[in-house]
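Below: the structure, in structure tokens.
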Amino acid sequence: MSAVRRRWLPMPAQSLILFLVWLLLNNSVAPGHLLLATFFALVIPWLVAPMQMEQPRVVKHWVAVRYTLTVLYDILVANFEVALRVLGPTRKLQPAFVAVPLDVEGALPITILASTISLTPGTVSAEVSEDRQWIYIHVLHLEDERALIDQIKSRYETPIKEIFGC
Amino acid sequence: MNPIVELIICVFLLMGGLFVLLGSFGLLKLPDFYTRLHAPTKATTLGLAGLLIGSMIYFFVNEQRLVVHELLITLFLLITAPVSAHMMAKTALHHKIRVLKRTSGQELTGAARERREPPFDSA
């Protein structure tokens, strides 16, 4: 049974998302759109499944929810902070490159961490070292390198490690 | 339309517009490529969120239907903004774009470009 499922419905969660997104994009539940949504939900995963790489699974869902809320709140703060810095005198800005050591493993967790860094206060991720031990970030205004690294590690990296159980 | 609802929509639209404007202003004002990268990726996220929330309320009140395109746009934006910022920063590193002189940690750019570990143990 599970072999049959894997053959015809290789990515059930993604199928569901595709189905819903198609309906939401069209803002309609007309039979034609339901049919198309079903078609896409079945065919697209079937086409891309062979390209998929094995990724760590989310093991702690409630940590993931809490993490999402934290990040949304931080995005809000980031916006005000960057807005103030843009309006303030640029002479006082102290931009910097910082290397942050990585503890998380795997492409997906590192991607999530890098994206979070880019979305939150004054930091943009620029590059990950080949051995995936370091992430290079650009900081708009650096005050305390040590504190920044600690904040990234405790606020974002620790929950990500918990979410994927690594 | 109820004037209070109208006011709320206006506040969201103005907030949104203001932040998008600030993002563009930052693009103009900030001194080098890397600092400029910060303004549009961040300020614009909140700006667009404001505009989209305003639009959602408007359609919900005015046309009595739930419009969810906006939520999808927000989601796609949140997924794509950091990726494009990352790609631009990476490209800038590889093209050795001029860095603002007082930027600290410039010795890291060479290592970052070659994706090596940092030249010294900064941790």
Translational diffusion coefficient (Stokes-Einstein; Kirkwood radius from C-alpha pairs) of segment A:1-143 at 25 °C, 0.890 mPa s, in µm²/s: 131 µm²/s
If the only charges are +1 at each Lys and Arg Cβ and -1 at each Asp and Glu Cβ, what is the size of the charge dipole of segment B:1-107 around the Cα centre, to the nearest 20 debye? 660 debye
Between the residues B:Leu7, B:Gly54, B:His38, the Cα farthest towards the positive end of the dipole of chain B, that dipole coming from +1 and -1 charges on the beta-carbon of Lys, Arg, Asp and Glu, is from B:His38
Placing +1 on each Lys and Arg Cβ and -1 on each Asp and Glu Cβ in segment A:1-133, then taking the dipole about the Cα centre, the residue among A:Val48, A:Val98, A:Ile117 whose Cα reaches farthest towards the positive end is A:Val48
How crowded by other chains is A:139-148, given as the mean number of beta carbons from other chains within 10 Å of each beta carbon? 3
For the pair A:Ile44 and B:His95, what calculated FRET efficiency results from E = 1/(1 + (r/R0)^6), where r is the Cβ-Cβ distance and R0 = 35 Å, to the nearest 0.05? 0.50
Taking chain A and counting helices only, DSSP H stretches of n ≥ 4 at -39,500 (n - 2.57) each over all residues, the nearest-500 ellipticity at 222 nm comes to -18000 deg cm²/dmol
Can you tell which of B:Leu21, B:Leu66, B:Leu93 shows the greatest fluctuation in a Gaussian network model of chain B with Cα springs below 10 Å? B:Leu66
Ignore the peptide's own chain and count Cβ atoms of other chains within 10 Å of each Cβ in B:103-116; give me the average, rounded. 6
Please state, as a whole number in µm²/s, the translational diffusion coefficient that the Stokes-Einstein equation yields for segment A:61-164 at 37 °C and 0.692 mPa s, with Rh defined as the Kirkwood radius across alpha carbon pairs. 231 µm²/s
Choice from B:Phe59, B:Phe33, B:Phe12 with maximal GNM fluctuation in chain B (Cα, 10 Å cutoff): B:Phe59
Return a whole-number percent for the relative contact order of segment B:19-62, with Cα pairs under 8 Å and 6 or more residues apart as the contact set. 40 percent
In vacuo Debye scattering of segment A:2-51, one point per C-alpha: log10 I(q)/I(0) at q = 0.25, 0.27 Å⁻¹? -0.86, -0.94
How much length is gained on full extension from A:Leu76 to A:Val59, taking 0.36 nm per residue of separation minus their Cα-Cα distance? 3.4 nm
Counting only C-alpha contacts under 8 Å and six or more residues apart, can you give the relative contact order of chain B as a whole percent? 24 percent
Over chain B: helical MRE at 222 nm, DSSP H runs n ≥ 4 each giving -39500 (n - 2.57), nearest 500: -25500 deg cm²/dmol
Within segment A:55-89, name every residue whose backbone N is under 17 Å away from a label modeled 7 Å from Cα of B:Leu27 along the Cβ vector. A:83, A:86-87
Order of B:70-80, A:103-113 by packing, highest average Cβ count within 10 Å first? A:103-113, B:70-80
Set of lysines near A:Lys92 by C-alpha distance (under 23 Å), chain-local residues within fewer than 8 positions excluded: B:Lys29, B:Lys42, B:Lys101
Give the average, rounded to an integer, of partner chain Cβ atoms located within 10 angstrom of each Cβ in B:85-95. 4
Let me know the charge dipole size of chain A about its Cα centre in debye, to the nearest 20, where only the beta-carbon of Lys, Arg (+1) and Asp, Glu (-1) is charged. 560 debye
The protein assembly as shown: translational diffusion in µm²/s, Stokes-Einstein, Kirkwood Rh over Cα pairs, 37 °C, 0.692 mPa s: 156 µm²/s
Would you please give the FRET efficiency between A:Thr158 and A:Leu84, computed as 1/(1 + (r/R0)^6) with r the Cβ-Cβ distance and R0 = 25 Å, to the nearest 0.05? 0.35
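All of the numbers you see were taken from the coordinates with simple rules; none came from a lab. Fair warning: this is a prediction, and the values are worked out from it, not measured in the lab. Reconstructed Cβ throughout: ideal geometry from the backbone, glycine too, with neighbour counts over all protein chains shown.
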